[in-house]
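J.: The following block contains the structure, expressed as structure tokens.
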Amino acid sequence: MMRTRQLQFVLLLLLCGTMGNAFGRSGKNKKEYRKVCSLIERVNDHWQAQHPDPGNAFWNRAAYHTGNMAAYRATGNKDYLNYSLRWAEQNNWKGAPSDDKSKWKYHYGESADYVLFGDWQICFQVYAELYQLDPDPEKIKRAREVMEYQMSTDKNDYWWWVDGLYMVMPVMTKLHAITGNAQYLDKLYEYYSFARELMYDPATGYFFRDAKYIYPKHQTNSGLKDFWARGNGWIFAGFPRVLNDLPADDEHRSEYVKTFQRLAAALKQSQQPEGYWTRSILDPAQAPGPETSGTAFFTYGFLWGINNGILDQEEYGPVVAKSWNYLTTVALQDDGRLGYVQPIGERAIPGQVIDKNSTADFGVGAFLLAATEYLKFLDTKK
């Protein structure tokens, strides 16, 4: 039975070309492993060369650094580590910098007072990873101050948009892993429960982006439910980053896993024949054509699920084969630019043009997550 499954999967991978024989690191598989490492370096070296200033600590740049840290762990390239260290130090290990708690806000805002807004908290994931590599309390001092203040309030509606689940859920599990403070896991579930009740559509398994887009109040031009690809990419990638650090005996672990599996099953059905997902998942006509950031996050999630025995390789391997082929033969350009990334936004926009020159930091971060997870796949399929 095992031999049959492997043969079937090899045939599917061969049909998709670039993935090759993904069953270990001997022979052709060793060559494939080196090829993926080379792709990681081409993409990441290009990005860092084009952006010598690592930028501020807002969500888009911080999302890139979640991928950059994965690239460092996979390759051991100290330049990648130093780039994230320089970024963290440049931002004083903070998100939004206000120190006046009486003015801290958590609805949308890009100014210094929006300390409790999740888009300013994703940086804490990276700071926690840097702490784990070289423990120094100063690296997570601000992260603990902000999150522990937030947990002391009586509010639970901090995550009111689906992107926020990627931004902050893993912060909670990472700080729990460092501190042992069980309140991080309790509040994780409390905040997640609010978000799920608000945005999750049990009929399809997808998440709406936020309350503005819930059907039937909002519809695509064709009258369909409008599920944004990158928004669902955020949560589909967020679950693995949470589950990596969540204790095996956490009472809510099975619920997170089941929601992740349900979303995986839905995404399998909506993948386009070319391997990508369109910006409005169930209505390709709303914003036709490929989109890379959502596709890369989905690829990462599928690979993580397979690698951790949560998704069946025979069922989901062909999904990954097609999406990886898209990412490496269409999205990735010869100079290392990652194209077809929808710009910053919150929905599929009819008429918006994205092409091979459309790139962004968060899209590069998503690709690096997918590529490094593919390396783990190659490394474990002996």
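J.: Take the residues in region 118-138 that are open to solvent by less than 80 Å² (accessible area, probe 1.4 Å) and in a loop (DSSP other than H, G, I, E, B), then tell me which one is farthest from residue 242 (Cα to Cα).
T.: Ranking the candidates gives 136 first.
J.: Take the residues in region 86-101 that are of a type outside the set (Phe, Trp, Tyr) and open to solvent by less than 40 Å² (accessible area, probe 1.4 Å); name whichever of them is farthest from residue 51 (Cα to Cα).
T.: In this case the residue turns out to be 98.
J.: Is it true that residue 348 is touching a residue at least 60 places away in the same chain (Cβ under 8 Å), outside any loop (DSSP other than H, G, I, E, B) and among the aliphatic types (A, V, I, L, M)?
T.: Considered against the rule, which asks whether it is touching a residue at least 60 places away in the same chain (Cβ under 8 Å), outside any loop (DSSP other than H, G, I, E, B) and among the aliphatic types (A, V, I, L, M), residue 348 comes out as no.
J.: I want to confirm something. Restricting to region 207-266 and keeping residues that are over 17 Å from the mean Cα position of the chain (by Cα) and among the aromatic types (Phe, Trp, Tyr), which single residue is nearest to residue 362 (Cα to Cα)?
T.: 213
J.: If you take the residues of region 102-117 that are among the charged types (D, E, K, R) and outside any helix (DSSP H, G or I), which of them is most open to solvent (accessible area, probe 1.4 Å)?
T.: Per the criteria, the residue is 110.
J.: Next question, about the same structure. Just a yes or no: is a residue in region 195-216 of a type in the set (D, E, K, R) and under 28 Å from residue 84 (Cα atoms)?
T.: No - not one qualifying residue is present in region 195-216.
J.: Pull out all pairs, ordered by first then second residue, where Cβ-Cβ is under 7 Å, the residues are six or more apart or on different chains, the first lies in region 33-51 and is of a type in the set (A, V, I, L, M, F, W, C), and the second is open to solvent by 30 Å² or more (accessible area, probe 1.4 Å) and assigned to a helix (DSSP H, G or I).
T.: If the second residue must be open to solvent by 30 Å² or more (accessible area, probe 1.4 Å) and assigned to a helix (DSSP H, G or I), the pairs left are 37/75; 40/74; 40/75.
J.: So is residue 42 surrounded by 15 or more Cβ atoms within 10 Å (Cβ to Cβ), charged (D, E, K, R) and farther than 22 Å from residue 168 by Cα or not?
T.: For residue 42, the condition - surrounded by 15 or more Cβ atoms within 10 Å (Cβ to Cβ), charged (D, E, K, R) and farther than 22 Å from residue 168 by Cα - is met.
J.: Please enumerate the residues belonging to region 357-382 that are surrounded by fewer than 15 Cβ atoms within 10 Å (Cβ to Cβ) and basic (Lys, Arg).
T.: If the condition is that a residue be surrounded by fewer than 15 Cβ atoms within 10 Å (Cβ to Cβ) and basic (Lys, Arg), then 382 is the only one that fits.
Listed here are the residues, each with its yes/no results for (1) in contact (Cβ under 8 Å) with a residue 60 or more places away in the chain; (2) part of a loop (DSSP other than H, G, I, E, B); (3) among the polar types (S, T, N, Q).
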| residue | (1), (2), (3) |
| --- | --- |
| 219 | no, yes, yes |
| 233 | yes, no, no |
| 236 | yes, no, no |
| 261 | no, no, yes |
| 282 | yes, yes, no |
| 288 | no, yes, no |
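J.: Can you name every residue in region 181-201 that is under 16 Å from residue 163 (Cβ atoms) and either crowded, with 22+ Cβ neighbours inside 10 Å or within 20 Å of the chain's Cα centre (by Cα) (or both)?
T.: 191, 192, 195, 196, 199, 200
J.: Just to be sure before I move on: is residue 237 open to solvent by 30 Å² or more (accessible area, probe 1.4 Å) and small (Gly, Ala, Ser) in the structure I sent?
T.: When the stated conditions are applied, residue 237 does not pass them.
J.: Of the residues that make up region 307-320, is at least one open to solvent by 60 Å² or more (accessible area, probe 1.4 Å) and either within 22 Å of residue 47 (Cβ to Cβ) or modelled with pLDDT under 95 (or both)?
T.: No, there is no match, as no residue in region 307-320 is open to solvent by 60 Å² or more (accessible area, probe 1.4 Å) and either within 22 Å of residue 47 (Cβ to Cβ) or modelled with pLDDT under 95 (or both).
J.: Is at least one residue of region 203-216 open to solvent by 40 Å² or more (accessible area, probe 1.4 Å), under 22 Å from residue 284 (Cβ atoms), among the hydrophobic types (A, V, I, L, M, F, W, C) and not in a strand (DSSP E or B)?
T.: Checking region 203-216: at least one residue is open to solvent by 40 Å² or more (accessible area, probe 1.4 Å), under 22 Å from residue 284 (Cβ atoms), among the hydrophobic types (A, V, I, L, M, F, W, C) and not in a strand (DSSP E or B).
J.: Return the residues of region 67-101 that are within 19 Å of residue 44 (Cα to Cα) and part of a loop (DSSP other than H, G, I, E, B); say none if nothing qualifies.
T.: Within region 67-101, 76, 77 qualify.
J.: Look through region 139-156, keep the residues that are of a type in the set (S, T, N, Q) and under 24 Å from the mean Cα position of the chain (by Cα), and return whichever of them is most open to solvent (accessible area, probe 1.4 Å).
T.: 156
J.: How about region 219-234: which of its residues are of a type outside the set (D, E, K, R) and open to solvent by 40 Å² or more (accessible area, probe 1.4 Å)?
T.: Those that are of a type outside the set (D, E, K, R) and open to solvent by 40 Å² or more (accessible area, probe 1.4 Å): 219, 221, 222, 224.
The values are calculated or read from the model by the stated rules, or taken from the named source; none is laboratory data. Computed from a prediction, not measured in an experiment: that's the story for all the values here. Backbone-built Cβ (ideal geometry, glycine too); neighbour counts: all protein chains shown. For the accessible areas, the whole protein counts, side chains as well, though only heavy atoms, and no ligand, DNA or RNA atoms are used. Shrake-Rupley method; radii C 1.70, N 1.55, O 1.52, S 1.80 Å.
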